[in-house]
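**Student:** One structure, pasted below without further comment.
The values are calculated or read from the model by the stated rules, or taken from the named source; none is laboratory data. Note that the coordinates shown come from a computational prediction; the quantities given were computed from them, not determined experimentally. Cβ atoms come from the backbone with ideal geometry, glycine included; neighbour counts cover every protein chain shown.
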Ligand code: RIB
């Protein structure tokens, strides 16, 4: 069984489905409201578990109703939670999300996620040592992200760094990640580059290998000199929230099959994830992923 460790955020997603996004000072009537489990770390953990991996999560929750609900949800998905701290004096993270015409707008309040520490990563060393891959994103403190990348590198375990939400990162430890997985906009921010610059040129300039996500256009990756394109899988989009998380999880789970196979499967898993409402709603099981791969030539 593939073993994955995820270091990242856990949020309760407060999702409003609306006919369109609101402007400043405006009030409109929404169509539906729901609270669902989310957070980039938790989403990647759940997506990897549904794809058949043994998954452990390193993170933090508040000692509140959302925290208890989120912990129960993750346990029900068979995610190992020994390294998820429960902070008595903090709220759990939340994300206020508006979904309109398949697109989303998100405001994250990190709360407990802002207190995930490098010491927690060190505490999970024995799990990381035995992992096939480690996933980390940027909704937790940067020194914890750095500690994850450095520890994975030291132990020879591939770390996939999903630089979302994006900020410019120091080259000295960015180059220690096995892959960085931004979208086009995030790649420009990550490298402190002009967002108008061609993404293939930016990929060539990155200090570590890039797997670039492009929504329904699929993904680009670079093994040798020139970036290679993997086409996207056509689906009807209900909610794109969590598509990137599903992509990253599948990339980690199937990395041992080689990058081209892993990227193809990641594109297929991400496509399935957008067909239902909620970040974790559409995340496929291994059977569902294999069914899509079996009936398409993409
Ligand atoms: O990537 C999607 C996630 O981003 C949502 O679940 C939300 O919690 C935000 O963290």
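**Student:** Scanning for something in contact (Cβ under 8 Å) with a residue 24 or more places away in the chain, under 28 Å from residue 236 (Cα atoms) and within 14 Å of the ligand (Cβ to nearest atom), does segment 82-93 turn up at least one residue?
**Tutor:** no
**Student:** Here is a follow-up. Residue under question is residue 174, and the condition is that it be at pLDDT below 95, more than 16 Å from the ligand (Cβ to nearest atom) and touching a helix residue (DSSP H, G or I) at 6+ places or on another chain (Cβ under 9 Å); does it hold?
**Tutor:** Details: at pLDDT below 95: yes; more than 16 Å from the ligand (Cβ to nearest atom): yes; touching a helix residue (DSSP H, G or I) at 6+ places or on another chain (Cβ under 9 Å): yes.
Answer is yes for this residue.
**Student:** Count, please, the residues in segment 149-164 that happen to be within 15 Å of residue 9 (Cα to Cα) and away from the ligand (no atom under 16 Å from the Cβ).
**Tutor:** Number satisfying all stated conditions: 0.
**Student:** Follow-up. Please tell me if residue 102 is within 16 Å of the ligand (Cβ to nearest atom) and at positive phi.
**Tutor:** Numbers: within 16 Å of the ligand (Cβ to nearest atom): yes; at positive phi: yes.
Here the answer is yes, as residue 102 does meet what is asked.
**Student:** Hey, another quick one. Failed condition for residue 108, given (1) touching a helix residue (DSSP H, G or I) at 6+ places or on another chain (Cβ under 6 Å); (2) in contact (Cβ under 8 Å) with a residue 60 or more places away in the chain; (3) within 16 Å of the ligand (Cβ to nearest atom), with all others met?
**Tutor:** Only one criterion in (1) touching a helix residue (DSSP H, G or I) at 6+ places or on another chain (Cβ under 6 Å); (2) in contact (Cβ under 8 Å) with a residue 60 or more places away in the chain; (3) within 16 Å of the ligand (Cβ to nearest atom) is unmet by residue 108, namely (1).
**Student:** I would also like to ask the following. Within segment 82-101, which residues are surrounded by fewer than 19 Cβ atoms within 10 Å (Cβ to Cβ) and under 18 Å from the mean Cα position of the chain (by Cα)?
**Tutor:** 96
**Student:** Suppose we filter 261, 256, 229 for residues that are in contact with a helix residue (DSSP H, G or I) (Cβ under 7 Å, 6 or more places away or on another chain) and more than 16 Å from the ligand (Cβ to nearest atom); which single one remains?
**Tutor:** After ruling out the rest, the residue left standing is 261.
**Student:** Now a separate question. Looking at segment 111-137 only, could you name the residues that are assigned to a loop (DSSP other than H, G, I, E, B) and touching a residue at least 40 places away in the same chain (Cβ under 8 Å)?
**Tutor:** Within segment 111-137, 116, 124, 131, 132, 137 meet the criteria.
**Student:** Check whether at least one residue in segment 72-81 is buried (at least 18 other Cβ atoms within 10 Å of the Cβ) and over 15 Å from residue 44 (Cα atoms), and report yes or no.
**Tutor:** Checked against the condition, which is being buried (at least 18 other Cβ atoms within 10 Å of the Cβ) and over 15 Å from residue 44 (Cα atoms), segment 72-81 yields no hits at all.
**Student:** Name the single residue that is nearest to residue 11 (Cα to Cα) among those in segment 232-253 being over 18 Å from the mean Cα position of the chain (by Cα) and within 16 Å of the ligand (Cβ to nearest atom).
**Tutor:** By that ranking, first place goes to 238.
**Student:** Quick check: anything in segment 128-144 modelled with pLDDT under 95 and more than 16 Å from the ligand (Cβ to nearest atom)?
**Tutor:** Scanning segment 128-144, I find no residue that is modelled with pLDDT under 95 and more than 16 Å from the ligand (Cβ to nearest atom), so the answer is no.
**Student:** Tell me which strands (runs of 3 or more DSSP E) are completely within segment 181-298 and hold 2 or more residues being crowded, with 21+ Cβ neighbours inside 10 Å, or say none if there are none.
**Tutor:** Values: elements: 211-213, 219-221, 228-230.
Here the list reads 211-213, 219-221.
**Student:** Is there a residue being within 14 Å of the ligand (Cβ to nearest atom) and in contact with a helix residue (DSSP H, G or I) (Cβ under 9 Å, 6 or more places away or on another chain) anywhere in segment 25-35? Break it down into steps so the answer makes sense when it comes.
**Tutor:** Filtering segment 25-35 down to residues within 14 Å of the ligand (Cβ to nearest atom) leaves 34-35.
Filter once more, keeping what is in contact with a helix residue (DSSP H, G or I) (Cβ under 9 Å, 6 or more places away or on another chain): 35.
Yes.
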